[in-house]
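Please read the structure below before turning to the comments.
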Amino acid sequence: MNPGQDLGTNVTPTSKSRSSSPVQIDLKRLAALAYHRLENSEDLVRKFHRFTGTAYDSDYLRNLYDWLFVPITLWPIDIEGLSRAELHRAESGKRLDKDMILLIDLLPPLPSDRIQRAVTQHEHAVQHGTYEPLIRARHKYNHIESQLACDRTFQAHWTLIKAHFDVTKFADHKGIIRRRLVAERSMREHWPVRWTKTVDRFHAVFDVFCQRWHLYGMRGDRPLLLKLTANLTPFGTMIFIPAYWSFDPKRDLNWRAITALHKARGVPKQGAKLGTNQLAARLEAIHATKLSKEADARKLKGEARSSWMLKELNRDLRTDERQLRRILAKSRDGN
């Protein structure tokens, strides 16, 4: 990238987008993503397009910028926040520090368009709480939800909490009060008890209340019951089974859809037999490469060369020469 060149878009304009500016193309890409990405990052995209800087730093900022259009589920960290901080630093005339350069260099390769489309579709479903394509036992959720709405003990507990706290102070813009999250392996950043501030007391009480009644939160006086879900994370695919759920692995989950979602990352086939076969093919390719060099030394050519190599590889002499070339190609490709 040359000095004075804006970071722009890495999308090649089509005939339909020739009348659109690069910034409009990128904003359209943001608008297609879930979780209000256009609303949150429009100003950042415009700043990137206005930015001009040294070629050295622009290349690193460009890498961050490209990740801004990846579904947020696949982000290893807050790419938007990181981009804002580093763009501000660059606009102030400061160079990126060595630790930041290391971080950007460690970012995985950008996911393919196919992967991003699949994850974006999943994100839109999750954003609206729609897990039906992956889950088959909605009736179990409906049954417990209807029981909970009529449970007098539950209602009494919620009334007590409202008597102790002004719960409206803890609701988000949707009017939802959410319990604090529990991470993988039940890790909790909020584990140390804090009891000095009202907000700490409320969240401690609310977390206990939510565990008692299997909730992820409350919307007004309506309990938000936990669902059987399958979600992508930056590190894998997580299936969550609520504690109240009588789980039937064969009937409750659409394993075909979940497997397709997981494989959308481009996961290759694996297995003990497959691994053994791949290793054998790799060793054969290495052996074939050595034989090819020896054939050169022997000045073997044409059919005589192929026949000699096939014999040394314990292959049928009627094997097509193209198969021999494919074996040698595996050595060059490292596969």
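Hey, can you tell me all the residues within the range 204-217 that are aliphatic (A, V, I, L, M) and either exposed (fewer than 14 other Cβ atoms within 10 Å of the Cβ) or touching a Leu at 6+ places or on another chain (Cβ under 6 Å) (or both)? Lay out the reasoning, then the answer.
Filtering the range 204-217 down to residues aliphatic (A, V, I, L, M) leaves 204-205, 208, 215.
208, 215, listed by residue number.
For the range 237-280, what are the residues that are under 30 Å from residue 325 (Cα atoms) and surrounded by 15 or more Cβ atoms within 10 Å (Cβ to Cβ)?
Keep residues of the range 237-280 that are under 30 Å from residue 325 (Cα atoms), which gives 266-280.
Listed by number, the list holds a single entry, 278.
Got a number for residues in the range 223-264 being without any contact (Cβ under 8 Å) to a residue 40 or more places away in the chain and closer than 27 Å to residue 153 by Cβ?
Adding up the residues that qualify gives 6.
For the range 241-252, check the following and say yes or no: at least one residue is at pLDDT 85 or above, out of contact with any Lys or Arg (no Cβ under 6 Å at 6 or more places or on another chain) and in a helix (DSSP H, G or I).
The answer is no; no qualifying residue exists.
Report the residue count in the range 165-203 for those that are over 29 Å from residue 231 (Cβ atoms) and surrounded by 12 or more Cβ atoms within 10 Å (Cβ to Cβ).
So the count comes out to 3.
Report whether or not residue 216 is out of contact with any Pro (no Cβ under 8 Å at 6 or more places or on another chain) and in contact (Cβ under 8 Å) with a residue 60 or more places away in the chain. Break it down stepwise before answering.
Details: out of contact with any Pro (no Cβ under 8 Å at 6 or more places or on another chain): yes; in contact (Cβ under 8 Å) with a residue 60 or more places away in the chain: no.
Against the criterion (out of contact with any Pro (no Cβ under 8 Å at 6 or more places or on another chain) and in contact (Cβ under 8 Å) with a residue 60 or more places away in the chain), residue 216 does not qualify.
Before we move on, is residue 286 in a helix (DSSP H, G or I) and among the β-branched types (Val, Ile, Thr)? Spell out the reasoning first.
Values: in a helix (DSSP H, G or I): yes; among the β-branched types (Val, Ile, Thr): yes.
Considered against the rule, which asks whether it is in a helix (DSSP H, G or I) and among the β-branched types (Val, Ile, Thr), residue 286 comes out as yes.
Restricting to the range 265-307, and then to whatever is of a type in the set (Lys, Arg) and in contact (Cβ under 8 Å) with a residue 24 or more places away in the chain, can you tell me which residue is nearest to residue 318 (Cα to Cα)?
The first filter runs over the range 265-307 and keeps only residues of a type in the set (Lys, Arg), leaving 265, 269, 273, 282, 290, 293, 298-299, 301, 305.
The next check asks that each one be in contact (Cβ under 8 Å) with a residue 24 or more places away in the chain; those that pass are 265, 282.
Working: 265: 40, 282: 22 Å.
Among those residues, the one meeting the criterion is 282.
Just one of 112, 186 is modelled with pLDDT under 95, of a type outside the set (Lys, Arg), over 19 Å from residue 201 (Cβ atoms) and in contact with a Gly (Cβ under 9 Å, 6 or more places away or on another chain); which is it?
Among 112, 186, only 112 is modelled with pLDDT under 95, of a type outside the set (Lys, Arg), over 19 Å from residue 201 (Cβ atoms) and in contact with a Gly (Cβ under 9 Å, 6 or more places away or on another chain).
Condition test on residue 79, is it closer than 25 Å to residue 261 by Cα, surrounded by 12 or more Cβ atoms within 10 Å (Cβ to Cβ) and in contact with a Phe, Trp or Tyr (Cβ under 7 Å, 6 or more places away or on another chain)? Let's see the steps before the verdict.
Values: closer than 25 Å to residue 261 by Cα: yes; surrounded by 12 or more Cβ atoms within 10 Å (Cβ to Cβ): yes; in contact with a Phe, Trp or Tyr (Cβ under 7 Å, 6 or more places away or on another chain): yes.
Spelling it out, residue 79 is indeed closer than 25 Å to residue 261 by Cα, surrounded by 12 or more Cβ atoms within 10 Å (Cβ to Cβ) and in contact with a Phe, Trp or Tyr (Cβ under 7 Å, 6 or more places away or on another chain).
Looking only at residues that are surrounded by fewer than 16 Cβ atoms within 10 Å (Cβ to Cβ) and of a type in the set (Asp, Glu) in the range 85-109, which one is nearest to residue 75 (Cα to Cα)?
105
Restricting attention to helices (runs of 4 or more DSSP H) lying wholly within the range 59-147, give those where 1 or more residues are under 15 Å from the mean Cα position of the chain (by Cα).
Values: elements: 79-91, 98-106, 113-127.
The qualifying helices (runs of 4 or more DSSP H) are 79-91, 113-127.
The rows are residues; the columns are (1) of a type in the set (Asp, Glu); (2) at pLDDT below 95; (3) surrounded by 18 or more Cβ atoms within 10 Å (Cβ to Cβ).
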{"residue": "7", "(1), (2), (3)": "no, yes, yes"}
{"residue": "13", "(1), (2), (3)": "no, yes, no"}
{"residue": "31", "(1), (2), (3)": "no, no, no"}
{"residue": "50", "(1), (2), (3)": "no, yes, no"}
{"residue": "59", "(1), (2), (3)": "yes, yes, no"}
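The values are calculated or read from the model by the stated rules, or taken from the named source; none is laboratory data. Only a predicted model underlies this, so the values are computations on that prediction, with no experimental measurement involved. Using ideal geometry, Cβ is built from the backbone for each residue, glycine included, and neighbour counts are taken over all protein chains shown.
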